[in-house]
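Read-outs: derived from the displayed coordinates by stated rules, not from any lab. Please read these numbers as outputs of a predicted model, since none were measured by experiment. Here the Cβ positions follow ideal geometry from the backbone for every residue, glycine too, while neighbour counts run over all protein chains shown.
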Ligand code: GDP
Ligand code: IMO
Ligand code: MG
């Protein structure tokens, strides 16, 4: 058995939560491998919309186990909040939700450091979700961090106090930065008590034994390839490896145990936060996509920047991740347009460019578009790909040819049912 991977190919919010939910019946375990509560994964079914931040998107299917892997960073306050929100749905968390002992904890001061760092960057700010992600991963690589397994150690409080002290020392270097640490700590300790009720496991053994026992595992990515710490539009990225390789380090899965890689993308493109976005539309068309697509962040509520799909960026993401199949999301949103544009390549300094460039932050990039006819038909009632309008099928076929990977899922609405399997 191998671990299949599902991840975002653009700048996050591609619709990963929805597709994980749709695919979950095929799996025994859903495992998050990186990121933290900066993620917001939306699932919709039976008229209810759920947004998950740290809990894997397989949590609503009673027969499926869910694991938060070692590569994830956990804020106990947000984690408790997610569990509280799910209380009406009678989920047996103690039996179905497992946490890696090696997952790192987001301390209250990590959030303060995130905010202080962003403020000090002024107009160069990353546009962080301010969930403490960067500072927590910095402490992980700086070898200062606290892990879930540490909660059970008799000297946990000492380790916690020492790290808080260190953070307060750093915070003193920032001017005009006030906070109420006592209030934050109270919530944090409450969250920690809830976290303690869940099974903390050696998740690398848990998963590898499950594979040996023939169980099917899906690794759920957060963020998107262009936010990857190594391959994204650095420094406007998150602090983890969001790509397929992140599954190996974030779950303890060997590279030769990776199976299918399912790449999720929107039929257009969005980004939230700062940083380059070559096909961004700052005109009325971008505004129409945002309005029609309700493109506002699931975690922060910020408006998402919108633009056409970018094949230079998509080919790059497919290459880095070894994508074997694609899911195209939000096709229904493009129904309003007479023509749909696709960026085929860039012109930079008068030259044609087909490979995503290193210095994308500083370059004057002119995206070159091909225009394809729109379908101008409501897709949201469609339940079979065979009945899809010809123009949609042509769009899908064109992308498959250009990207050289099959598109197996076309999504036509936020609900579980609004999913066309090809
Ligand atoms: P994720 O972070 O990748 O899980 O994506 P988000 O949940 O942040 O954002 C995707 C948004 O699009 C959510 O509001 C989903 O409910 C919604 N969505 C997903 N697929 C579709 C679709 O095919 N059509 C429409 N209209 N909405 C979709
Ligand atoms: P999901 O899993 C979209 C963006 C932030 C910011 C940058 C760094 O829902 O797709 P961070 O808080 O990680 O320090 O922010 O990354 N970002 C996301 N954008 N979807 C996400 O997650 C994101 N997680 C982080 O907006 O630009
Ligand atoms: Mg999201």
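As a test, work out the antiparallel percent of DSSP beta bridges whose residues both lie in the chain, rounded to the nearest 5.
Of those bridges, close to 40 percent are antiparallel.
I need the per residue convex hull volume for segment 58-140, using only the alpha carbons, in cubic angstrom as a whole number.
On the way: hull volume 8.9 nm³, N = 83.
So the per-residue Cα hull volume is 107 Å³.
Starting from the exponent 0.38 and prefactor 2.2 Å, build the expected Rg for segment 73-216 from its residue count and divide its actual Cα Rg by it.
Normalised Rg, Cα atoms only: 1.17.
Once the Cα atoms of helix 156-171 and of the chain are each reduced to a long axis, what angle between those two axes, in degrees from 0 to 90 to the nearest 10, is obtained?
60
For segment 253-331, just the Cα set please: Rg and Dmax, both in angstrom.
Values for segment 253-331 (Cα only, Rg and Dmax): 14.6, 47 Å.
Report, to one decimal in Å, the Kirkwood hydrodynamic radius for segment 299-345 based on all distinct Cα pairs. Show your work: numbers first, answer last.
On the way: mean 1/r = 0.0765 Å⁻¹.
Hydrodynamic radius (Kirkwood, Cα only) of segment 299-345 equals 13.1 Å.
Would you order 247, 197, 24 from fewest to most other beta-carbon atoms within 10 Å of each residue's own beta-carbon?
Ordered by Cβ neighbours within 10 Å, fewest first: 197, 24, 247.
Counting only DSSP beta bridges with both residues in segment 298-422, tell me the antiparallel percent, nearest 5.
75
For segment 42-156, give the share of DSSP beta bridges that are antiparallel, in percent and rounded to the nearest 5; count only bridges with both residues there.
50
Helix-only mean residue ellipticity at 222 nm, the chain, DSSP H runs n ≥ 4 weighted -39,500 (n - 2.57), per residue, nearest 500. What is it?
Only helices count here, giving -9000 deg cm²/dmol.
Which order do peptides 386-396, 107-117, 133-143 fall in by mean Cβ count within 10 Å, highest first?
Packing proxy ranking, top to bottom: 107-117, 133-143, 386-396.
Going by average Cβ neighbours within 10 Å, how do the peptides 403-412, 257-266 rank, with the highest at the top?
257-266, 403-412
Report the equivalent ellipsoid semi-axes for segment 150-237 in whole Å, largest first, defined as the square roots of five times the eigenvalues of the gyration tensor built from alpha carbon atoms. Mind dumping the intermediate values first?
Details: eigenvalues 218, 121, 29 Å².
In descending order the semi-axes read 33, 25, 12 Å.
Hey, what D do you get for segment 335-374 in µm²/s if you plug the Kirkwood alpha-carbon radius into Stokes-Einstein at 20 °C and 1.002 mPa s?
After rounding, the answer is 188 µm²/s.
Separation of segment 393-422 and segment 238-288 by C-alpha centroid, Å?
17
Please report, in Å, the Rg and the Dmax of segment 1-65, where both are computed over Cα atoms only.
Every Cα atom of segment 1-65 included, Rg and Dmax give 11.5, 35 Å.
Tell me, how many Å apart are the Cα centres for segment 158-194 and for segment 40-100?
26
Using per-residue counts of other Cβ atoms within 10 Å, averaged over each peptide, order 295-307, 62-74 from highest down. Walk me through the intermediate numbers first.
Details: 295-307: 17.6, 62-74: 23.2.
Result, highest mean Cβ count within 10 Å first: 62-74, 295-307.
At 1.567 mPa s and 4 °C, plugging the Kirkwood radius over alpha-carbon pairs of the chain into Stokes-Einstein gives what diffusion coefficient in µm²/s?
The diffusion coefficient I find is 59 µm²/s.
Taking just the C-alpha trace of segment 194-334, give me its Rg and Dmax in Å.
That works out to 17.6, 54 Å for Rg and Dmax.
If you scale each eigenvalue of the Cα gyration tensor by 5 and take the root, what three semi-axes come out for segment 186-259, rounded to whole angstrom and sorted largest first?
Each semi-axis is √(5λ); the values are 25, 23, 8 Å.
Averaged across orientations, what area in nm² does the convex hull of the alpha carbons in segment 21-103 project?
About 5.1 nm², averaged over all directions.
Between residue 197 and residue 376, what is the label-point separation in nm under the 7 Å Cα-to-beta-carbon projection?
The two pseudo-label positions are separated by 5.6 nm.
Taking every pair of Cα atoms in segment 177-228, average 1/r, invert it to obtain the Kirkwood radius, and report Rg/Rh to two decimals.
1.20
Report, in degrees rounded to the nearest 10, the 0 to 90 angle that the Cα long axis of helix 76-86 makes with the longest principal axis of the chain.
For helix 76-86, the angle is close to 60 degrees.
Mind checking the log10 I(q)/I(0) for segment 286-384 at q = 0.15, 0.16 Å⁻¹? Debye, one equal scatterer per Cα, no solvent, two decimals.
At q = 0.15, 0.16 Å⁻¹ the computed log10 ratios are -0.82, -0.92.
Quick check: the angle from helix 203-212's long axis to the longest principal axis of the chain, C-alpha only, nearest 10 degrees?
50
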